[in-house]
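Below is one structure, written out as structure tokens, with a few remarks after it.
The values are calculated or read from the model by the stated rules, or taken from the named source; none is laboratory data. The structure displayed is predicted, hence computed values, not measured ones. FYI the Cβ positions are ideal-geometry reconstructions off the backbone, even for glycines, and counts take in every protein chain you see. Ligands, DNA and RNA are excluded from the accessible area calculation, which covers all protein heavy atoms including side chains. Shrake-Rupley method; radii C 1.70, N 1.55, O 1.52, S 1.80 Å.
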Amino acid sequence: MKGVRKMNKNNLTRREFLAAVSTGTVAAASGGVGAYGNVSKKAGKPAILGGKPVRTKPFSDWPIWDKSAEESILSVLRSGNWYRGRGTKVSEFEKKYAELMGTKRCLATANGTTALLIALHVLGVDAGDEVVVSPYTFIATYNVLILSKVLPVFADTDPETFQINPDKIEERINENTKAIMPVHILGLPANMDKINAIAKKHNLLVIEDACQAWLAEWRGKKCGTLSDLGCFSFQNSKHLPAGEGGAIVGNDDEIMDRCYSFHNCGRAYGSVKRTSGYPIRGSNRRMQEFQAVILMSQMKRLEKDTARRNENAHYLTSRIKDIPGILPHKLYEGVTRAAYHLYPFRYKKEYFNNIPRSKFLSALSREGIPCSGGYGPQYKYGLIEEALNSPGYKRLYSRERLKRYREENHYPDNDQLCKEAVWFSQRLLLGTKRDMDDIADAILKIYENRDKLA
Ligand SMILES: Cc1ncc(COP(=O)(O)O)c(C=O)c1O
């Protein structure tokens, strides 16, 4: 694939390189393992085999708060105005978030799932439609489409960037396609130039799932603001956390008025005029005043934390990129900033004496580095079949259409990525350069001990 990083720094062919790795001669060929860092001489026995771990100090906790939040939370408590209809805090947050994003409007919601459900409904994505989306995402992205009685049509993943492969979108479009839903997964921007160009060509809506991408940027513009509507999550693990919470951002007043009205049980709002008590359908998807004050307090640290995550992520990449079998994620050329909700790389076990990823993850954890394997192939999980077998789907979609859907529901690149991915949580990136060295040293230590671990 275009732009694939050459794994071999010594101009060996891939086959020669693999042979060298398996016989252990690659270290000499590449100037010794010391070429990957200075850990080699003190690496010692892996912690999983009883050695001393690289690190015993915990990484940063999350979320992080200070006393300054307490007063505003107490003032909401004491006011008795806990819901937005009686308070001012949610509206205040919406103004601040729209300003931060550079959009005309923001609607705060109960959570990110409801933000996506509102956006889909208001933009007219309806039962029987198809939406092209990435299979590599948190399950909420699948759920909002299924709950909208839409067919989630997946386009395979670009394993280098972990994002929807923009070159695989067009083949998934047909006369039933209504929208593309790019997800800036892991806080790394999807290729919005290509996605928007395809949408324009086929007259499709674009709704960004930016639930992991606060302050990420594509060509200097914030993710979530590059399409018809962008949706965010403020759940506890997120960079702007309030336990639960979400937002929709956009620039079209009429659409944003409809979002407001829908999220408030369909009551009249702005251009949604009062023709009766409830002029449109709706639901209660409102944010609470407590969530808003926590968010405004958390917003104070977002910029600084984002800068730190980026700095550490880039340094970590520079430390691990030459370790054989470790392929750090790539960012598209249009990315001017990532959010780094997670730091991902691919683990190629053939460079580690075929140690399975599960063992690599255990060994890394035992060295004091928390890590995970990330998402699985969720399109093979029960929820898709459960939806397709439901009476509603059977009424909406012909037998032939569902048969074709099942036959096409295969994503080899994503399958492979799900087997190879390794993630570090954003909180690991909030530390120091020294913390990044610990991560890199631990990976190197496992690499050096691959014979003992196999
Ligand atoms: C990519 C993605 N989409 C949607 C959501 C849903 O957000 P929430 O959990 O706030 O409902 C999340 C949250 O984890 C997410 O990561």
Open item on the list: Quick check: the angle from helix 253-263's long axis to the longest principal axis of the chain, C-alpha only, nearest 10 degrees?
Closed with: 90 degrees
Open item on the list: Need the list of lysines near Lys89 for cross-linking: C-alpha distance under 26 angstrom, and skip anything on the same chain fewer than eight residues off.
Closed with: Lys67, Lys104, Lys222, Lys238, Lys273, Lys300, Lys304
Open item on the list: How far apart, in nanometres, would the label points at Glu171 and Tyr381 be if each is projected 7 angstrom from Cα along the Cα-to-Cβ direction?
Closed with: 2.6 nm
Task: With DNA, RNA and ligands ignored, accessible area of Arg346 (1.4 Å probe; Å², nearest 10) - done: 30 Å²
TODO: May I ask for the angle, rounded to the nearest 10°, between helix 357-366 and the longest principal axis of the chain, with both axes built from Cα atoms and the value confined to 0 to 90°?
DONE: 90 degrees
- [ ] Quick one: net charge around Gly374, please, counting Lys, Arg +1 and Asp, Glu -1 for every other residue with C-beta under 14 Å from its C-beta.
- [x] +1
Task: the stretch 138-229 pair-distance distribution - Cα-Cα, 5 Å bins, rounded % - done: 3, 14, 25, 28, 21, 8, 1, 0
- [ ] Could you let me know the centre-to-centre spacing of the stretch 345-395 and the stretch 240-263, using Cα atoms, in angstrom?
- [x] 32 Å
Open item on the list: Can you tell me, using C-alpha contacts under 8 Å and at least 6 residues apart, the relative contact order of the stretch 228-304 as a whole percent?
Closed with: 26 percent
Task: Peptide ranges 321-333, 150-162 listed from the most packed, as the mean C-beta count within 10 angstrom indicates - done: 150-162, 321-333
Task: Antiparallel content of DSSP bridges confined to the chain, in %, to 5 - done: 65 percent
- [ ] Quick one: Debye curve from the alpha-carbon atoms of the chain only, equal weights, vacuum; give me log10 I(q)/I(0) at q = 0.10, 0.12, 0.13 Å⁻¹ to two decimals.
- [x] -0.78, -1.06, -1.18
TODO: Give me the accessible area per residue for the chain, probe 1.4 Å, as a whole number in Å².
DONE: 44 Å²
Open item on the list: Can you give me the angle between helix 399-408 and the longest principal axis of the chain, using Cα atoms only, in degrees from 0 to 90, rounded to the nearest 10?
Closed with: 30 degrees
Open item on the list: Considering only protein heavy atoms and a probe of 1.4 Å, how much of the accessible area of the chain is carbon and sulfur, as a whole percent?
Closed with: 51 percent
Task: Cα centroid separation - the stretch 134-196 against the stretch 292-339, whole Å - done: 22 Å
Open item on the list: For the pairs Lys45/Lys445; Lys168/Lys194; Lys57/Lys419; Lys149/Lys394, flag any whose C-alpha to C-alpha distance is greater than 19 Å.
Closed with: Lys57/Lys419
- [ ] For Ser75, tell me the accessible area in Å² from a 1.4 Å probe, rounded to the nearest 10.
- [x] 60 Å²
- [ ] With a/c under 1.5 counting as rounded, go ahead and sort the stretch 261-395 into rounded, prolate or oblate using the C-alpha gyration tensor (a ≥ b ≥ c being the square roots of the eigenvalues; past the cut-off, prolate if a/b is larger than b/c, else oblate).
- [x] oblate
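Among residues other than Lys300 whose Cβ falls under 11 Å from its Cβ, what is the net charge (Lys/Arg +1, Asp/Glu -1)?
Overall, the nearby charge balance is 0.
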Open item on the list: Suppose accessible area is computed on protein heavy atoms with a 1.4 Å probe; arrange Glu407, Glu71, Glu170 from highest to lowest.
Closed with: Glu71, Glu407, Glu170
Task: Ser276 accessible area, 1.4 Å probe, all protein chains in place, Å² to nearest 10 - done: 50 Å²
